[in-house]
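Student: I'd like to ask you about the structure that follows.
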Protein chains: 2
Amino acid sequence: MPNADTKTRIMDVGETLFAERGYEATSLRDITGKAGANLAAVNYHFQSKEGLLSAIFQRHVGPVNRERLLVLDAIEARASKRPPNVEKLIRAFLAPAFARRRERGADGARFMQLAGRMHSETNERLRSLLLDQFEEVAKRFGKAFSRALPHLARDEVSLRVHFLIGAMAHTLLWSDTMLGFESRKRRNVEPEEALESLVRFTAAGMTAPVAPRSEEGRR
Amino acid sequence: MPNADTKTRIMDVGETLFAERGYEATSLRDITGKAGANLAAVNYHFQSKEGLLSAIFQRHVGPVNRERLLVLDAIEARASKRPPNVEKLIRAFLAPAFARRRERGADGARFMQLAGRMHSETNERLRSLLLDQFEEVAKRFGKAFSRALPHLARDEVSLRVHFLIGAMAHTLLWSDTMLGFESRKRRNVEPEEALESLVRFTAAGMTAPVAPRSEEGRR
DNA sequence: GTCTATAGCATGATAGAC
DNA sequence: GTCTATCATGCTATAGAC
């Protein structure tokens, strides 16, 4: 959308470059140059580089997280007393992010990549951008997974949720340019295909038995 | 080790800062300052900032990947004709990285974090640093997983390996300062505990049935 | 092998005209 | 709201003395 107003154009380009190269590796000059805007416009509209990232991130993550919570509401209303189904919980968590990609085309793909990247961001200030946005989702889904997996220790559930998030973040970041693991050939992965496969994988992982199948495989 | 020679001190500090803040966010001045070395020393010993990262990375990843391949050799020798056991393959891939942490203490923990971070590096030049080092491991383990999961399509195996790597990378990056998913309380996770849990999770994921349990959970 | 000094350029941010 | 010009600082890298 090269005809959008300056503020939007900056956000669009910023989204692309932050997603492709990362926050630190992208300069405001890169962004304003590509957006056909003046360098000073970033500070005028967003106060700072961090402000720009924040605005970009919230544009997508707000709707995605609202959708996640809506689906979770529906699941809990239907399950009411019984513990919720793990695969449904996982799908409620993952599908809205992948759906946004389908709905928004290139825009959505860029957001997915940026979101994946933010999960490995360790800068405290940038990280709290992400954590603030996820506070309610984290709390609600954490509780739901604990209820759905009552036989697991709390810490074990927490670990497994981290694995789920890691697998998701990696998929969001790379599914556009995924490399074959054996050869280095690139291939694109359809978001729907990646989602279905990821749900299967993580649902099996979350519900895995606590006691290892055999304790001799250790060597 | 504040008494090591300059070259080693630079590598140690570089490892710490690259792991904590990322490559782009760390300057050579940060490194040489903390290492009590001269700014020019980096270029003298390592030619460039990239050269330093490369040296740091190879110091650990070489031994880890050699160990991975040794264990894989043993598994394939024992299984010979039959397809190898998936959980053993996973353990062969994951355990050497976690073992290095146990053996090397703080050094190993820093390396784990750096390694986790490299998996979400998209800079082509830095990324090929990682891919070059992993070429043989990727090829051998890719083949082994395909043999161990003959009922799955090649692309499905490849996707699942990516999920495995994503879960691993996230765990390597965060296990030192893992946040509870519900509350934001930090807690440290013992590497052994994380490894065992990760193996269980990913073994279940890799061996998950292809056909979804029920196709109505879609909504 | 280590130092100082500096080249040469990029950075985020802002002041102030229009 | 957009521009130019510029500040102050940071960056990687190198030349050359010791």
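Student: Treating the beta-carbon of each Lys and Arg as +1 and of each Asp and Glu as -1, no other charges, what is the dipole magnitude of the protein assembly as shown about its Cα centre, to the nearest 20 debye? Each step should come with its number before you reach the end.
Tutor: Working: 72 positive and 56 negative charges, 132 e Å.
Using Cβ point charges on Lys, Arg, Asp and Glu, the protein assembly as shown gives about 640 debye.
Student: Something else: Which value, in Å³ per residue, describes the convex hull spanned by the Cα atoms of the stretch A:4-98? Spell out each step's value before the answer.
Tutor: Numbers: hull volume 11.2 nm³, N = 95.
That works out to 118 Å³ per residue.
Student: Please compute one quarter of the surface area of the Cα convex hull for chain B and express it in square nanometres.
Tutor: Details: hull surface 59.6 nm².
Result: a mean projected hull area of 14.9 nm².
Student: Follow-up. If one takes the longest principal axis of the Cα atoms in chain B, at what angle in degrees, from 0 to 90 and to the nearest 10, does the Cα axis of helix B:191-206 lie?
Tutor: Approximately 40 degrees, to the nearest ten.
Student: Can you give the relative contact order of chain B as a percent, counting alpha carbon pairs under 8 Å and 6+ residues apart?
Tutor: On the way: 195 pairs, mean separation 44.1, N = 219.
So the answer I get is 20 percent.
Student: So, R0 is 30 Å and r is the distance between the beta-carbons of A:Lys139 and A:Thr177; what FRET efficiency does that work out to, to 0.05?
Tutor: Values: r = 34 Å, r/R0 = 1.12.
Between A:Lys139 and A:Thr177 the formula returns 0.35.
Student: Also: Calculate for chain B the 222 nm mean residue ellipticity that helices alone would give, adding -39,500 (n - 2.57) per DSSP H run of length 4 or more and normalising by residue count, nearest 500 deg cm²/dmol. Provide the component values of the computation, followed by the final result.
Tutor: Values: 9 runs with 157 residues, N = 219.
Counting only the DSSP helices, I get -24000 deg cm²/dmol.
Student: Further question: Looking at the calculated P(r) for the stretch B:1-47, what percent of the C-alpha pair distances fall above 14 Å? Working shown, then result.
Tutor: Working: 443 of 1081 pairs.
Summing the P(r) tail past 14 Å for the stretch B:1-47 gives 41 percent.
Student: Using the 10 angstrom Cβ neighbour count as an exposure proxy, how do B:Arg82, B:Arg140, B:Arg200 rank, fewest first?
Tutor: Working: B:Arg82 9, B:Arg140 18, B:Arg200 23.
Taking fewest neighbouring Cβ atoms as first place, the list is B:Arg82, B:Arg140, B:Arg200.
Student: Something else about it: Would the protein assembly as shown count as rounded, prolate or oblate if I go by the C-alpha gyration tensor, calling it rounded below 1.5 in a/c and otherwise prolate when a/b exceeds b/c, oblate otherwise?
Tutor: Values: a/c = 1.61, a/b = 1.05, b/c = 1.52.
In terms of gyration-tensor shape, oblate.
Student: What nm value, rounded to one decimal, do you get for the distance between B:Ala106 and B:Val210 when each label is placed 7 Å out toward the C-beta?
Tutor: Result for the modelled spin labels: 5.1 nm.
Student: Given just the C-alpha atoms of the stretch A:52-173, how large is their convex hull per residue in cubic angstrom? Don't skip to the end; give the middle numbers.
Tutor: Values: hull volume 12.1 nm³, N = 122.
Enclosed volume per residue, from the Cα hull, is 99 Å³.
Student: Can you compute 3J(HN,Hα) from phi for each residue in the stretch B:122-136, using the Karplus curve 6.51 cos²θ - 1.76 cosθ + 1.60 with θ = phi - 60°, rounded to whole Hz and x for Gly and Pro?
Tutor: With coefficients 6.51, -1.76 and 1.60, one gets 10, 4, 4, 5, 5, 5, 6, 3, 5, 5, 4, 5, 9, 3, 5 Hz.
Student: Could I ask something else about it? Please find the FRET efficiency linking B:Ser27 to B:Ala153, where r is the Cβ-Cβ separation and R0 is fixed at 60 Å, and quote it to the nearest 0.05.
Tutor: On the way: r = 46 Å, r/R0 = 0.77.
Once rounded, the FRET efficiency stands at 0.80.
Student: For the pair B:Glu192 and A:Arg127, how long in nm is the line joining their label points, each one 7 Å along Cα→Cβ?
Tutor: Label at B:Glu192, label at A:Arg127, 2.7 nm between them.
Student: For the stretch A:56-209: lysine pairs with Cα atoms under 20 Å, gap of 8 or more or different chains, count?
Tutor: Details: A:Lys81/A:Lys139; A:Lys81/A:Lys143; A:Lys88/A:Lys139; A:Lys88/A:Lys143.
Within the stretch A:56-209, the lysine pair count is 4.
Student: Follow-up. Kindly express, to the nearest 10 degrees and within the range 0 to 90, the angle between helix A:6-21's C-alpha long axis and the longest C-alpha principal axis of chain A.
Tutor: So the helix axis and the longest Cα principal axis differ by about 50 degrees.
Throughout, read-outs are computed from the coordinates displayed, never taken from laboratory work. Please read these numbers as outputs of a predicted model, since none were measured by experiment. All Cβ positions, even for glycine, are placed from backbone atoms using ideal geometry, and neighbour counts span all protein chains on display.
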